[in-house]
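Written out below as structure tokens is the structure these notes cover.
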Amino acid sequence: MSEGGLDAKRAAALLALGLAMLIPLAGAVDLGAVSEYLWEIGPGPIAISILCVHVGVFFYALGWYFLLGGRLDLLDSFLISWASLFVNLLIPTGSTSGEALRVYLASKRGVNGAAALSSVVTHRVIMIIPFVVSVVLGLSFFASGGGVHGSVSWTTIWFLMAALALVVVALFYVSGSEGTMLRIVGLAERVLRRRLEGVRSAAREYVSAFREATRDGRKMLMVLSTSFANWLFDMAPIFIFFWSLGEDLSPLYGAFVYSVSIMLVLIPVGIPGNTGVREWALIALLSATGVSREVATVVTLMASTVSVFLNELISGMVAYLLALRRLRRPGSSPTPTP
């Protein structure tokens, strides 16, 4: 049996394990009340939430499209972005697998490899900024006395903000410094005890492409704007389902729950999408606000499992197949652009 077949079976087995973790929920909640809440929500909010996720992915793809400066058309950027989300679910390695797919498919569509890699790294760094904002907003909920398990001091919040900002600055600095990149390659050469000329050449090309991608301040502002638009639409389902049930949720606490859900997706525990683990954690967080466990369960299943996980799984698979189909079209592999 091929390695790919084994990986597919392993992913399916782990997904089944994650889904099995949801079974105990049936004994932890009033199924009659859950059914009533689902009936109260109706199809409208579900459709709107799924649409919000699609709009969020569009803004995600739009930011990457801006960074590439027209080297990749918007449809390809959109399909490849969806495909990367699909691969991230199937291969739970944080976002590494999806980012590698973006670089690969972009290069197959004619983008220079170094430019593709630098655009993906730059995009990922910029996408960290709204995430940092959501973490800080969430912590401010506790600092303002809204938490149910104590509070976090503003000193802690500012320290966290400074640490995360330092990480972003460091990533930008390293990516734009040829000397630093080559010193990192030199360290790898000493560890491996061999010369890595190919890696050195790729590092120089990468730094050059990164500098070009970040030279235009107006473009960077546009990319940052799309990252915040993606963040808002991606977070919307949580609030949509709370409001549809007539429940209040602090925007600050909603931002905190969203940031936790993102971290649970990015932490590679082996289960695709961290299914099961993510649901139990979010239900616990939402229940801590004082809402019933049944409401927390319905909101989690609809906002996280249906609107995000199943949506990304199905839509991402379709986009992945369409992206591959476009590669097979005659003349679909143009000469790479510098």
query: Out of all the residues in the range 98-115, which are open to solvent by less than 20 Å² (accessible area, probe 1.4 Å) and either more than 24 Å from A203 (Cα to Cα) or free of Cβ contacts under 8 Å to residues at least 40 places away in the same chain (or both)?
result: G98, R102, A106
- line: The residue from A229, A236 that alone is small (G, A, S), modelled with pLDDT of 80 or more and in contact with a Phe, Trp or Tyr (Cβ under 8 Å, 6 or more places away or on another chain) is A229
- prompt: Which is modelled with pLDDT of 60 or more, within 23 Å of the chain's Cα centre (by Cα), open to solvent by 70 Å² or more (accessible area, probe 1.4 Å) and at negative phi, of F58, F66?
  reply: F58
task: Give the residues of the range 267-320 that are part of a helix (DSSP H, G or I), at pLDDT below 75 and in contact with a Pro (Cβ under 8 Å, 6 or more places away or on another chain), sorted by residue number.
output: P272, G273, N274
query: Looking at this structure, is R218 surrounded by fewer than 14 Cβ atoms within 10 Å (Cβ to Cβ), at negative phi and assigned to a loop (DSSP other than H, G, I, E, B)?
result: no
- request: Identify the single condition in (1) open to solvent by 20 Å² or more (accessible area, probe 1.4 Å); (2) among the aliphatic types (A, V, I, L, M); (3) touching a helix residue (DSSP H, G or I) at 6+ places or on another chain (Cβ under 6 Å) that A202 does not satisfy, given that it satisfies every other one.
  value: (3)
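Residues are listed down the side, and each one gets a yes or a no for (1) crowded, with 19+ Cβ neighbours inside 10 Å; (2) at pLDDT below 80; (3) part of a loop (DSSP other than H, G, I, E, B):
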residue: T93; (1), (2), (3): no, yes, yes
residue: S119; (1), (2), (3): yes, no, no
residue: G145; (1), (2), (3): no, yes, yes
residue: L171; (1), (2), (3): no, yes, no
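The values are calculated or read from the model by the stated rules, or taken from the named source; none is laboratory data. Remember, it's a predicted structure, so these values are computed and weren't measured experimentally. Every residue, glycine among them, receives a Cβ derived from its backbone with ideal geometry; neighbour counts consider all protein chains shown. All accessible areas refer to the heavy atoms of the entire protein, side chains included, with ligands and DNA or RNA removed. Shrake-Rupley method; radii C 1.70, N 1.55, O 1.52, S 1.80 Å.
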